[in-house]
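Chemist: Got a structure for you, written out below as structure tokens; questions coming shortly.
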Amino acid sequence: MNQRQMEILTSLSNLEMLTRSQIQQLHDTKSIRNTNFIMKGLKPYVNVIRLKENAYYLNKKGVALVGAKKQFEYSDQINHKLMRNDAHIYFNPTNWKIEQEIKVRDVIVVPDAFFYSGSSYKFLEVDNTQKWHVNVTKMEQYKKLKDTGAFQQQYGHFPAIVWVVKFESRKEKLKKLAKEMDLVCDIYLHDEIK
């Protein structure tokens, strides 16, 4: 096992699953052919799903090797997770925590990721195909979290909410909703960050 292979397995542990092109971007594996060759060498430690391209995740042996806390479970959230990973690659964070519950008093928020990039902390929300009312509810929770003042006290500011959406129409609706709730939101179409 060489260092690059171990780094790829660690990325799979941290990000749950990655496509071939995401691995190529994260680990600078140069070409499709070279990335496929590297992943073939990791076959004992990963499972593969064929989407538009191969997507990889750790199997039991891979989980044990890297000491991961949990094994990826196949679900209908695959595209959501891959969009989240595109955001990870785009923002190149120094700190990245996925789906970690944030609780302040009686307010609970579970962002798709909480991360540090540039010079500030940010929340990430990915809207792949979710119903609009889910976005409204999440935005209301962020507003309540902001109103507690806890983040401003700890970090000097309330983190911006980064939304990654599939459709232009959602972008405009989220901008309007954020303005109504006095929240700073950076909204990207998925195509803009991948």
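The values are calculated or read from the model by the stated rules, or taken from the named source; none is laboratory data. Keep in mind that this is a model prediction, so the values were computed, not measured. Using ideal geometry, Cβ is built from the backbone for each residue, glycine included, and neighbour counts are taken over all protein chains shown.
Chemist: Filter region 102-134 for residues that are touching a strand residue (DSSP E or B) at 6+ places or on another chain (Cβ under 6 Å) and of a type outside the set (A, V, I, L, M, F, W, C) and give the result.
Modeler: P111, D112, Y116, K122, E125, D127, listed by residue number.
Chemist: State all residues of region 66-102 that are among the acidic types (D, E) and in contact (Cβ under 8 Å) with a residue 24 or more places away in the chain; if no residue qualifies, say none.
Modeler: D86
Chemist: Then there's this: Residues of region 5-25 being touching a Ser or Thr at 6+ places or on another chain (Cβ under 9 Å) and either assigned to a helix (DSSP H, G or I) or surrounded by fewer than 22 Cβ atoms within 10 Å (Cβ to Cβ) (or both), which ones?
Modeler: Passing the criteria: I8, R20, S21, Q22, I23, Q24.
Chemist: Please note which strands (runs of 3 or more DSSP E) are completely contained in region 78-194 and include at least 1 residues that are at pLDDT 90 or above and closer than 27 Å to A55 by Cβ.
Modeler: 95-98, 113-117, 120-127, 160-165, 185-189
Chemist: Let me ask something additional. Being basic (K, R) and farther than 28 Å from K194 by Cα is the filter here, so list the residues in region 135-175 that pass it.
Modeler: K143, K144, K146
Chemist: Quick one: A68 ticks every box in (1) at pLDDT below 95; (2) part of a helix (DSSP H, G or I); (3) in contact with a Gly (Cβ under 9 Å, 6 or more places away or on another chain) bar one, so which box is it?
Modeler: The number of the failed condition is (2).
Chemist: Of the numbered conditions (1) surrounded by fewer than 17 Cβ atoms within 10 Å (Cβ to Cβ); (2) farther than 14 Å from C185 by Cα; (3) touching a residue at least 12 places away in the same chain (Cβ under 8 Å), V109 satisfies every one except a single condition; which is it?
Modeler: Checking V109 against (1) surrounded by fewer than 17 Cβ atoms within 10 Å (Cβ to Cβ); (2) farther than 14 Å from C185 by Cα; (3) touching a residue at least 12 places away in the same chain (Cβ under 8 Å), the one that fails is (1).
Chemist: In region 56-65, how many are under 19 Å from T19 (Cα atoms) and either aliphatic (A, V, I, L, M) or assigned to a loop (DSSP other than H, G, I, E, B) (or both)?
Modeler: Qualifying residue count, region 56-65: 3.
Chemist: Could you check, for region 68-88, whether at least one of its residues is surrounded by fewer than 18 Cβ atoms within 10 Å (Cβ to Cβ), hydroxyl-bearing (S, T, Y) and either in contact with a helix residue (DSSP H, G or I) (Cβ under 7 Å, 6 or more places away or on another chain) or under 20 Å from Q154 (Cα atoms) (or both)?
Modeler: no
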